[in-house]
Amino acid sequence: MCATCGCDANGTVTMHVPGQDNNQEHTHSHGEGHSHTHAKTIVDVEQDILQQNNLLAERNKGYFDAKNILALNLVSSPGSGKTTLLEKTLTDLKGELEFCVIEGDQQTTNDADRIHATGTKVTQINTGKGCHLDAHMVLHALQGMKPKNNSVLFIENVGNLVCPAMFDLGEKERVVIISVTEGDDKPLKYPDMFYTSTLCIINKTDLLPYVPFNIEKVKENALKINRNLTIIEVSCTTGEGLPAWYNWLKSKVLAPELA
Amino acid sequence: MHELSIVMSIIDIATKQIENSEATEIEEIELEIGALSGIEEKSFEFAWNQGVKNTPLQNAVRKINHIEGVAGCMDCMIDFSIKNLFDACPICGGHFLNIKKGKELKVKSLLVNINNKD
Ligand SMILES: Nc1nc2c(ncn2[C@@H]2O[C@H](COP(=O)(O)OP(=O)(O)O)[C@@H](O)[C@H]2O)c(=O)[nH]1
Ligand SMILES: [Mg+2]
Ligand SMILES: [Zn+2]
């Protein structure tokens with residue numbers, strides 16, 4: 001059982017609050033001679049199905065706020081370049097910003113190994129069959145990694161443009177990455193992800209001469225879904241456009257408040 | 001297949017609801033699912049059948065209230081129904097929209113069988 005969030009693999013949740021009677025059982029005193037009856041009752045629930053995740057996401061958010069950590073949730077299809085973008089960023093901005101990384105993947109630790117090679121603190125979450133990270137997994141990863149105050153935390157989600165859209169991790173910004181090899185109807189096919197993101201990175205622009213990809217069309221489609229979306233074009237291979245991404249990132253890092 | 005996580009959350013919510021009651025069985029569960037909630041119906045159905053086995057919801061009838069998407073245009077100040085997040089305002093063709101309905105994802109109620117034994 002997890003003492004922090006009360007979770008349990010089997011779903012039987014117990015919470016202990018010091019100084020309180022933890023016995024949740026309430027006894028009913030039934031009158032003598034009660035007969036055996038069956039009754040149907042309607043129980044009003046009115047509960048948001050994502051409530052549990054949203055509550056834990058709020059907790060993560062509070063933790064990030066208290067430590068002035070900028071948390072970013074990176075989402076994309078497999079192979080769009082999330083890990084490559086991180087490797088570049090961690091290397092280029094080393095010494096300027098303090099970083100740590102949570103890597104989400106179904107099976108492997110390949111991406112975590114790549115991040116580790118840059119000298120950055122990294123924790124791997126393997127989701128097994130799970131196709132997305134959730135706030136609960138992130139909460140546990142944070143307990144282990146203890147990110148520093150005023151740092152930037154990158155969370156690389158499982159490669160998938162559908163499932164992670166619904167699960168708030170407590171991040172400040174959600175960054176959706178697409179690459180020019182993916183087809184310009186991507187935003188229309190996966191509107192939820194573009195709707196919930198604040199920044200869209202279009203990667204692999206070095207390949208534009210070789211693939212039919214109408215970058216203006218993609219931007220137009222993405223903005224149809226989310227008028228407030230910022231769009232930055234980059235090539236992790238040539239480095240083109242990366243300064244715009246770095247500037248965006250730095251603009252989001254809040255200076256630590258002076259005591 | 002995030003639908004499986006959604007089904008697991010529903011089971012969790014329903015189980016907690018009846019945990020401290022004398023309910024023996026959930027006969028019916030009423031859900032509210034918006035057209036823009038990101039739930040794919042076929043996947044949901046599949047995940048449901050997988051997920052509810054050996055849970056109090058195993059024999060429960062699912063009643064789903066589908067909520068259609070409604071958006072308001074911030075320029076024209078009118079509301080209209082939408083099917084997709086990229087739909088345009090029918091008056092001005094613009095995309096400055098405010099989603100007002102269709103994101104719902106809720107457990108509304110349960111119909112439970114109570115066995116009064118004393
Ligand atoms: N041509 C080109 N290839 C890239 C670029 N960025 C990443 N890649 C390649 O795309 C592949 C997938 O990248 P990766 O970062 O592992 O994607 P992830 O699955 O989103 O983490 C790798 O072979 C990268 O070398 C780029 O800007 N241009
Ligand atoms: Mg990766
Ligand atoms: Zn309008």
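Shape summary: the range B:36-90 maps onto an equivalent ellipsoid whose semi-axes, from the alpha-carbon gyration tensor, are 35, 11, 7 Å in decreasing order. Other residues whose C-beta falls under 15 angstrom from the C-beta of A:Pro212 contribute a net charge of -1, scoring Lys and Arg +1 and Asp and Glu -1.
Approximating the spin labels as points 7 Å out from Cα along Cα→Cβ, the A:Asn228-to-A:His116 distance works out to 3.9 nm. Taking a ≥ b ≥ c as the square roots of the eigenvalues of the Cα gyration tensor, the range B:3-113 is classed as prolate, since a/c reaches at least 1.5 and a/b is larger than b/c. Neighbouring Cβ atoms from other chains, within 10 Å of the Cβ of residues in B:1-7, number 6 on average.
Compute for chains B and A the buried accessible surface, both sides summed, probe 1.4 Å, and express it in Å² to the nearest 100.
Details: alone 7750 and 15020 Å², together 19140 Å².
That pair hides around 3600 Å² of surface in total.
Here r is the Cβ-Cβ distance between B:Met77 and B:Asn54 and R0 is 45 Å; the resulting FRET efficiency, rounded to 0.05, is 0.30. Taking the empirical scaling 2.2 N^0.38 Å for compact globular proteins as reference, the range A:78-162 has a Cα radius of gyration ratio of 1.04. Normalised by residue count, the range A:106-259 yields a Cα convex hull volume of 142 Å³ per residue. For B:Gly38, neighbours were defined as the other residues whose beta-carbon sits under 12 Å from its Cβ, and their charges (Lys and Arg +1, Asp and Glu -1) total -4. When the C-alpha to C-alpha distance is required to be over 30 Å, the pairs from A:Lys82/B:Lys103; A:Lys61/A:Lys121; A:Lys186/B:Lys16; A:Lys121/A:Lys224; A:Lys88/A:Lys186; A:Lys61/B:Lys83 that qualify are A:Lys186/B:Lys16; A:Lys121/A:Lys224; A:Lys61/B:Lys83.
Packing here is the average count of other Cβ atoms within 10 Å per residue, and on that basis the peptides A:227-237, B:45-55, highest first, run A:227-237, B:45-55. Across the options B:Ser43, B:Val61, B:Gln17, the greatest Cα extent toward the positive end of the charge dipole of chain B (unit charges at beta carbon of Lys, Arg, Asp, Glu) belongs to B:Ser43. Using only the C-alpha atoms, the convex hull of the protein assembly as shown corresponds to 181 Å³ per residue.
The gain in end-to-end length when the A:Glu216 to A:His140 segment is fully stretched comes to 23.3 nm, 0.36 nm per residue minus the alpha carbon separation. Oblate is the label for the range A:50-103, because a/c, from the alpha-carbon gyration tensor with a ≥ b ≥ c as root eigenvalues, is 1.5 or above and a/b does not exceed b/c.
For the range A:51-254, the dipole from Cβ point charges (+1 on Lys and Arg, -1 on Asp and Glu) about the Cα centre works out to 400 debye, to the nearest 20.
Modelled spin labels at B:Asn113 and A:Asp44, positioned 7 Å past Cα toward Cβ, are 2.6 nm from each other.
The values are calculated or read from the model by the stated rules, or taken from the named source; none is laboratory data. Since we're looking at a predicted model, the values are computed, not measured. Quick reminder, even Gly has a Cβ in these numbers, built from the backbone with ideal geometry, and neighbours come from all protein chains shown. All accessible areas refer to the heavy atoms of the entire protein, side chains included, with ligands and DNA or RNA removed. Shrake-Rupley method; radii C 1.70, N 1.55, O 1.52, S 1.80 Å.
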